[in-house]
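Laboratory data are not the source of any read-out in this text; all were calculated from the coordinates shown. For clarity, every value in this text was computed on a predicted model and none was experimentally measured.
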Amino acid sequence: MNIKHHPDDASIMAYAAGTLDEAFAVLVSCHLETCAHCRETLKTAELIGGAMLEGSEDVNVSDGSFGRLLEKINVSEANAHQPISFPVQRKPRGNDWRKMPRALDHYIDRTIDEVSWKRVGPGVWQKPIALSTSAKSSLRLLRIAPGRSVPEHGHGGQEMTLIISGAYEDEIGHFGPGDVADLDDHVEHQPHVVSSEDCICLAATEAPTRFKGFASRLLQPLIGI
């Protein structure tokens, strides 16, 4: 797999520190499955974090603070939406899995061909992925037919897109399997599918997409992107 586009270093550092919101953390986990370069970057980030902890000064804490922390963790876990439970005996990963990342196992127990896609426009489908109730970001699978384009748009915050299969091109470059577009709210683009097969993407967003066209903005509340 020839991966040319990666999450930026700040995103990898946040992933190592555990501060990425759930949708982005899941997407980065999926990317790490196939990207040796980013796995090395992650190791470096974890080493830096460990060195910073070792070099930090000891801080006195009040009596009973550890117990209070455990209570908060227990309350948080009790209130959180639990990932969908699946049988221990999972389906074998043959060609039918179409390269669905393993990091999605606890979120969607389907092959790409079995996903219940919702059509959101001509040649464009999506599958929202349920996250925990504490998540502030959104995660969805997108499927775009060959030759189709997503309407030109910007972002209200950070957006990451991982290409699972197929390929698209936009103002930034060519994105194929394993590539990640790590974008902020300053970027506007219009991805156009250039592969002969559907382009399957995993998209994590911090805020709703800002479509430029009037028709797209009008339909946005209905399609939920």
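Under the rule of at least 5 residues apart or a separate chain, name every residue whose amide H is placed under 5 Å from the amide H of G166.
Residues meeting the amide H criterion: I200.
Shape verdict for the stretch 137-203, please, from the Cα gyration tensor: rounded (a/c under 1.5), prolate (a/b greater than b/c) or oblate.
The shape class here is prolate.
Figure the gain on full extension for S132 and D185 (residue separation times 0.36 nm, minus the Cα-Cα span) and round it to one decimal in nm.
Roughly 16.6 nm would be gained on extension.
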